[in-house]
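To keep things clear, I will list the structure first and then write my remarks on it.
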Amino acid sequence: MSLKPADGRGVHAGEGARATGTATPKQVQSRSWGEQHPGTVQVLLLGVLGIVAFIALMAGRYMVPPDTVIAVVLSSVFPIEETWTPTAASAVVNVRIPRIIAGLLVGAGLAVSGASFQGMFRNPLVSSQILGVAAGAGFGAAIGILISDSLVLVQVLSFVFGLLAVGAAYGLSRVRSTTPILMLVLSGIVIASLFSALTSMVKYVADPMNKMPAIVFWLLGSLNHVSAPDLMVLGPIIAVSIAGLLVVRWRINVLTMGDEEARALGVNTEHLKLVIILLSTVITAAAVCMSGIIGWIGLVIPHMGRMLVGPDNRYLLPVSVLLGGAFLIAVDTVARTAAPAEIPIGILTAIIGAPIFAVLLRRNNPGW
Amino acid sequence: MRRVSFVFCMLILAAGLLCCGCTTTTSGDQGATPGTRTITDMEGNQIVLPSEGATFGVFGGPISQVPYLLGANASVTAVTKGPQMMEMMQEMDPGIVNKPAPRTTNGNVNIEELLVTNPGCVIAFDVDGEIVESHTDIPVIYLSGTMSDGFDEMRREIVFMGEVFQKPERAQAYINYLDDTLAFLRERTADIPEDERVTVFLGEGVSHLQTLGGDTFFTEWTDAAGCTNAVSAIETTQGQQEGMHSGINEISMEQVLAVDPYIIIIDTGRPADLAADARWKELRAVKEGRVYKEPTGLFLWSRPSAESAVLYPLWLAYAAYPDRFDDVPLTDRVKDFYAEIFGYTISDEQAQKVIDGTYGSVTFGQVKQS
Amino acid sequence: MGSSISLEGVTFSYPGGSAVFADISLTVEDGGVYSLLGPNGTGKSTLLKCMAGLMAPSHGRVLLDGRDIAGMQPHEIARRIGFVPQTQVSPFPFLVRDIVLMGRASHLSVFAAPSGDDEAIAADALDRVGISHLAERPCTGISGGEWQLVLIARAIAQRPGILLLDEPTSHLDLGNQVRVLDVIRGLAEDGMTIVVATHFPDHALLTSSRVAILKDQRILAMGPPEEVIREDTMHQAYGADVRIVHLGDPINRRICVPVAATFRRGTP
């Protein structure tokens, strides 16, 4: 006995609402323009990034006229007669350009690793620091500052301990060759607390006038001490890791369905999670050791990205890269030009970002 | 059930009343009895101290050297951790490591340690003083002072401490020494025209960009040496930030490029680091080799202390205008200062260590925490 | 041509617990619809997940096309087995067509993103299930019944030889139940092997060529529906009375209806 309707047509002829029977209970959300044109959004953001970087190049407490700035930059490629002082050239080439590049890499890196973690953990409230990388990096830096004066040693120890902390959290969370998300979160909390406590102990032992303030200050986010040698080493590391995350971005979509479903669909979830954790941690550890702990970006930029282009990581991750980079460059430009003394960048990312986020929240449906 | 909650409420009420009875009162209305004396502190409070045998806790970085200056350090039973850890301080007074150090930094006081030590009273600034007052019965002698204080405030503070420790003549001896030194420096540098005065930039921290601006004591100390604070146009006392002492703030590299100071003083790393750094090496101070490590003695010289008030302008004048000061070596003057004021005879090597900034602080358990 | 799954002496127990089912052996192959019946909690879902390689049995082996599934990579399994779980609608507002597109994951390398061909296969899967009109909808804006169809489409996009469905009609209204069953029959007619865990013996009669009943940790009965679904077996499995009746033309099939003493209301 067939179920087909009497007129012999199959069920799968387009029958509109009748084919599905019940009326859809939830309100159908219309898609935003950005969701329908993600490619255009990415191009626009690239343009925004370019403009922001250009303005950042022009701005600074040391006055360099715009045409000189352009001339200095071009002179590295074309032969142009030098009509500027070495100090002006130094300001542009040695101070501003490294800082802008650092802002781009750190902002993009933190944003894309935050977005990846949010997909992997299926939770919009995580950032890449949830597994303890910042706490570990802070501890490494504290030890480095305590035992030596060498900035290089401080950065190396910071990077190493950042990775170690996450490695410990990962190892702690393994349950019979899987790493359940809940275990990862709990292990991350445990490890972060441990390294935080160890850092406090280092601060206690350190002399309170020199070393201890130096440790605390190092942990505060700032792009003020980024130098070209730093960038030569850490820059490619961050760039390659960002590229790695971008390569697997579609598979992160599958991961958002949950461990079991993703495995049923053929994704090797353990490998993928390990890759995401590794790349995100490398990015965050490198960012911390270059510029201290800059919060807020990994948490909020992905949200803004989602409001622009939706949750599909094929578009969300590149958008996060562009948005994060532009945002941090913009904020850093304000940090170094708005007042005689440097404004701490962590405060600014919150003050500038929070109202923007609030406005976006009011205009779109919150959530994913 | 109602009866139980009633009894419970009565118990809580009783406990509250008992606690009220335990607040400390500043000894405003106690008259002076024989064997005591009354001090009016720098905030106008009156404190009664025994005429003899009073014991003191001294809370504060720069202020901790003053009892030694007055020859009264034996009566100090509780000290501050930072000064206690200074290498030169331990050389001058090896016994300091055995004294309890309840106060680490501003606002961090280990109350139980303080109670165990139980000094007769505590000399402190406002934040620490309030903590001691609200948690213990120990009377507090309040000092007032900030990073903006200059020489006048320094004199007032020394005179006051001389009164507290009953050594006014030693206090006056210091004042005289300070005045003589400042007069000497003025005389030797008076004829330098305004626009030829050496500009000095103090760049602390790993970034070498944390500095003391125009609204701090550093400006006056620098002026006394016939020099100018390169960033005197910037104010740095606005708001205390984590990781930096109050009064210190970080400026941007571009601002240093803009002022292009004649002399740069750093406290972290070596002068050679700046020559190797692309951002710094275009500055004339770096190119011409006038980057100096900040001297350190009994305490950091980037704080307003009795030591830095005399020695810092001296050291700076010698560095900025060596031809005007080539008659007496700086080491001699340094040795003379410690001998005269602190009664501490040091060798040429030790004096050189001070000048070179190689004295540091001692960490890793070599200081006994009692 | 479908794939085949064999269970050899499969036992599953949670660590520290007693066995959910023990020593199950059966083979599923070569087209047709297999229904798995049994009361709540007997482990139908668990058995299905063992067959899909999502859970590892405590004892015994699961063979997929003759190979031990335990040694296979997830993508190898997913090219052969499509698993349709019972889940709530995803909280992420992915478009329906992007959800279905995820079914292509096992055919793509780690570095690849879906191509135009993959999108076409996904569109075709939507079409076979009859929900092409939902393709551009965010999945947060569809009903539970539509979501179940989306999951089936996603599994079909894997182009598997076997489809395992875990109680696909449990939360659906009548219309959607019928729709799903029809899709299942259509797929079976196209040669796919299908295993359905279900609560409804009548659905088994409607669609299946073979039926098994799982109860008390073992297979109570296995075979063609006429033999397995009888009033005594239903009573043994569910503790409920049913009547199996053959309805004549035009329906022309056996139906299974529950009967209970309290339901009898005679005309006065």
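Every read-out reported here was derived from the displayed coordinates using simple, explicitly stated rules and does not represent laboratory data. All values derive from a computational prediction rather than experimental measurement. Methodologically, a virtual Cβ is constructed for each residue, glycine included, from the backbone with ideal geometry; neighbour enumeration extends over all protein chains shown.
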| task | Quantify how strongly other chains surround peptide A:201-209 by giving the mean number of their Cβ atoms within 10 Å of each of its Cβ atoms. | result | 6
| query | Based on the mean of other beta carbon atoms within 10 Å per residue, what is the order of B:331-342, A:172-183, most packed first? | reply | B:331-342, A:172-183
| task | Could you state the angle between the C-alpha long axis of helix A:97-121 and the longest principal axis of the C-alpha atoms of chain A, as a value from 0 to 90 degrees rounded to the nearest 10? | result | 30
| query | Which Cα, out of A:Ile351, A:Ser76, A:Ala239, lies furthest along the positive dipole direction of chain A (beta carbon charges, K/R +1, D/E -1)? | reply | A:Ile351
| field | Reachable aspartates and glutamates from B:Lys167, criterion Cα separation under 14 angstrom, eight or more residues apart if same chain | value | B:Glu52, B:Glu157
| query | Most mobile of B:Ala276, B:Ala319, B:Ala285 per a Gaussian network model of chain B (Cα springs, under 10 Å)? | reply | B:Ala276
| Does anyone have the angle between helix B:151-164 and the longest principal axis of chain B? Alpha-carbon axes, 0 to 90°, nearest 10? | 40
| Dipole axis of segment A:94-363 (+1 Lys, Arg; -1 Asp, Glu on Cβ), positive-most option in A:Leu299, A:Val216, A:Ile191 | A:Leu299
| message | What lysines does A:Lys211 reach when the alpha-carbon gap must be under 30 Å and sequence neighbours fewer than 8 apart in one chain are set aside? | response | A:Lys203, B:Lys81, B:Lys99, B:Lys281, B:Lys287, B:Lys293, B:Lys335, B:Lys353, B:Lys368
| said: About the Cα centre, and with charges only on the beta carbon of Lys, Arg (+1) and Asp, Glu (-1), how big is the dipole of the protein assembly as shown? Nearest 20 debye, please. | reply: 4800
| Estimated 222 nm signal from helices in chain B, with DSSP H stretches of n ≥ 4 weighted -39500 (n - 2.57), rounded to 500 | -11500 deg cm²/dmol
| message | If R₀ is 56 angstrom, what is the calculated FRET efficiency for the pair A:Leu74 and A:Arg362, using the beta carbon separation as r and rounding to 0.05? | response | 0.80
| task | Determine, from the Cβ-Cβ distance of C:Ala260 and C:Met55 and an R0 of 25 Å, the FRET efficiency 1/(1 + (r/R0)^6), rounded to the nearest 0.05. | result | 0.10
| said: Is there a quick way to get the dipole size of segment B:76-157? I mean about its Cα centre, with the Cβ of Lys and Arg at +1 and of Asp and Glu at -1; what is the value in debye to the nearest 20? | reply: 160
| said: Ranking request for peptides A:321-331, B:79-89: highest mean number of other beta-carbon atoms within 10 Å first, then the rest in descending order. | reply: A:321-331, B:79-89
| Among A:Val175, A:Ala264, A:Val226, whose Cα lies farthest out toward the positive end of the dipole of segment A:94-363, if unit charges sit on the beta carbon of Lys, Arg (+1) and Asp, Glu (-1)? | A:Ala264
| request: Report, to the nearest 10°, how far helix C:116-129 tilts away from the longest principal axis of the Cα atoms in chain C, using its own Cα long axis and a range of 0 to 90°. | output: 20
| field | Shielding by other protein chains, A:212-218, mean Cβ within 10 Å | value | 6
| said: So if I place +1 on the C-beta of Lys and Arg and -1 on the C-beta of Asp and Glu, and nothing else carries charge, what would the dipole magnitude of segment C:5-225 be about its Cα centre? I want it in debye, nearest 20. | reply: 360
| request: Mind giving me the FRET efficiency for B:Glu43 and C:Thr87? R0 is 60 Å, r the Cβ-Cβ distance, nearest 0.05 is fine. | output: 0.30
| task | Take the alpha carbon atoms of segment A:146-164, find their center, do the same for segment C:144-197, and report the distance between the two centers in whole angstrom. | result | 56
| query | If each of A:Thr40 and B:Arg270 carries a label point 7 Å out from its Cα toward its Cβ, how far apart are those two points in nm? | reply | 6.1
| remark: Between the modelled labels at A:Met63 and C:Leu174 (7 Å from Cα along Cα→Cβ) the distance in nm is 8.5
| For segment C:70-163, which chymotrypsin sites (Phe, Trp or Tyr not before Pro) are in a loop by DSSP, counting at most 10 other Cβ atoms within 10 Å? | C:Phe111
| Relative to a virtual label point 7 Å from the Cα of B:Arg284 in the Cα→beta-carbon direction, which members of segment B:246-264 show backbone nitrogen distances below 19 Å? | B:254-264
